[in-house]
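Structure, as structure tokens:
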Amino acid sequence: MVRFVVTALVILAGSAVHPQDIRNGIVLHRTATPSGSRPESREAAISKTLREISDGHFESNDSNLIARIKESIVAAARSVPDPAASLEAGANRAQDFVSSLTSAYTTAILRATSAPEAQRTLARFQDSVQQIVDFAKSGKFLTGLA
């Protein structure tokens, strides 16, 4: 458990996050999105959910959060016309979300009142991060949500 927390903190320290991008411990980035979508509402919903996770208030699962994160990754990739740069933009956005999710879940794990609660929170974190990483590694964000 301690090794995980140390690893998570090292990952956070190594990410390219600027102080102006952090609000209430949550990493925020604004990206252009396809017309018709509402980036501010998606970003606000993601930030709100991450704050709730930090406070220890969870939804029954993280599927809505993961779906919003995937939408934001797709939007970041679509905001860049060059395919190579698009891939990098999507990957960077995914990295930002993994950093934010790590921060939120690390706080929740440290606030856990029992070892079983901390283990359940850790398992949720690992599952959520794995879904984001798998999505980013697949490159599916280049063609949209698949």
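Working only within the stretch 84-139, note down all residues that are among the small types (G, A, S) and closer than 15 Å to I53 by Cα.
The answer is S99, S100, S103, A104, A108, A112, A118, A123, S128.
Cβ-Cβ contacts under 8 Å between residues 6 or more apart (or on different chains), taken from a first residue in the stretch 116-143 that is at negative phi and touching a residue at least 60 places away in the same chain (Cβ under 8 Å) to a second residue that is surrounded by fewer than 13 Cβ atoms within 10 Å (Cβ to Cβ) and in a helix (DSSP H, G or I), are listed as L142/P83.
Taking the conditions (1) surrounded by fewer than 17 Cβ atoms within 10 Å (Cβ to Cβ); (2) at pLDDT 95 or above; (3) among the hydroxyl-bearing types (S, T, Y) in turn, S99 satisfies each one other than (1).
The values are calculated or read from the model by the stated rules, or taken from the named source; none is laboratory data. Please read these numbers as outputs of a predicted model, since none were measured by experiment. Don't worry about glycine lacking a Cβ; one is built from the backbone with ideal geometry, like all the others, and counts go over all protein chains shown.
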